[in-house]
Amino acid sequence: MPPVFRFAPSPNGHLHLGHAYSALLNFDLARQSGGRFLLRIEDIDATRCRPEFEAAIYEDLAWLGISWDTPVRRQSEHLAAYRDAIDTLSAQGLIYPSFESRAEIARLVAAKEAARAWPRDPDGAPLYPGTAKSLPREERDRLIAQGLPYALRLDMTAARRRAGNLVWRERGEGPCGETGDVAARSEAWGDVILARKETPTSYHLSVTVDDALQGVTDVVRGLDLFWSTSVHRLLQDLLGISPPLYRHHRLIRDEAGRKLSKSTKATGLRKLRAAGASPADIRRLVGLPPFCGGQPTPPP
Ligand code: GLU
């Protein structure tokens, strides 16, 4: 079976050099290995995603010389698949609803932090204190029936107990040089949100489900997502999914060494293009070898 690669942007802004690097690297690797290249639109956040950004993604990628298999998977069109996954996890008793607002959680954490250092996840956010886990079932049902907003969380302790110790196969390198079989540290994320009342999924859940449903064999993405893989590996185990290979790549940074964001206008592909940059210039700027019109390019 030929390998399957994918590029999975969120249409919540214009693509920048970091996206170009990730998309081109995936595309090159697919071509070098006789594999397939898929494009997935991660548009579950209805408040931030916009059709014009999606249209711009297609245009910018085509300008770069990238082509992809169709149809493109748009996550917003597959909410039933994520609901099924939530049901599978619920049936294992691993999901519970929490009803606190962000501000309430911040207050709960501040109260804990007054007493002792409170753990933070790999992205630096404080862990959810687990307050709602002990709510009796009738109380949960009552709050849901009242129409209160809620988040569905993974009971990490129970999930870890069920899955045991897991590793993922890393072909790139983590922030501290982790490679090969990397031990998943999903507990570092606490009781992560897997769905919300209004959006029946989350980044972690939909990326795991989609990579499996699309037959992705090689997940090649930025180093900023390295430790998220712990959660994905855990979900794969709980959902009976066989894990793909992972390769986390370096991030493209701006001149001050900062990670690029969608608001970093100077490195936006459209800006660079308007200033006269060619697709070959973009490849050079991100440190990829020239595109050889169908011929394999050496790996970076
Ligand atoms: N949609 C994610 C992003 O734009 C990427 C997800 C992934 O590659 O796993 O950062």
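Data for the structure
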{"quantity": "Unique match (being within 14 Å of the ligand (Cβ to nearest atom), at pLDDT 95 or above and more than 30 Å from residue 162 (Cα to Cα)) among 33, 67, 22", "calculated": "22"}
{"quantity": "Residues of the stretch 118-132 satisfying the condition of being closer than 17 Å to residue 100 by Cα and crowded, with 16+ Cβ neighbours inside 10 Å", "calculated": "126, 127, 128, 129, 130, 132"}
{"quantity": "Any chance residue 12 is out of contact with any Lys or Arg (no Cβ under 6 Å at 6 or more places or on another chain) and touching a residue at least 40 places away in the same chain (Cβ under 8 Å)", "calculated": "no"}
{"quantity": "Condition met for residue 242 (among the polar types (S, T, N, Q), at pLDDT 95 or above and away from the ligand (no atom under 15 Å from the Cβ))", "calculated": "yes"}
{"quantity": "Residues of the stretch 139-158 classified as crowded, with 20+ Cβ neighbours inside 10 Å and over 13 Å from residue 100 (Cβ atoms), total", "calculated": "3"}
{"quantity": "Residue that is farthest from residue 86 (Cα to Cα), among those in the stretch 121-157 that are among the small types (Gly, Ala, Ser) and free of Cβ contacts under 8 Å to residues at least 60 places away in the same chain", "calculated": "124"}
{"quantity": "Options 273, 196, 185: the member that is surrounded by 14 or more Cβ atoms within 10 Å (Cβ to Cβ), away from the ligand (no atom under 15 Å from the Cβ), within 19 Å of residue 151 (Cβ to Cβ) and modelled with pLDDT of 95 or more", "calculated": "196"}
{"quantity": "Residues that are under 19 Å from residue 169 (Cβ atoms) and either more than 9 Å from the ligand (Cβ to nearest atom) or not acidic (Asp, Glu) (or both), drawn from the stretch 211-225", "calculated": "212, 214, 215, 216, 217, 218, 219, 220, 221, 222, 223, 225"}
{"quantity": "Condition broken by residue 101, with the remaining ones in (1) within 24 Å of the chain's Cα centre (by Cα); (2) crowded, with 17+ Cβ neighbours inside 10 Å satisfied", "calculated": "(2)"}
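The values are calculated or read from the model by the stated rules, or taken from the named source; none is laboratory data. Note that the structure is predicted; figures quoted are calculated from it, not measured. Don't worry about glycine lacking a Cβ; one is built from the backbone with ideal geometry, like all the others, and counts go over all protein chains shown.
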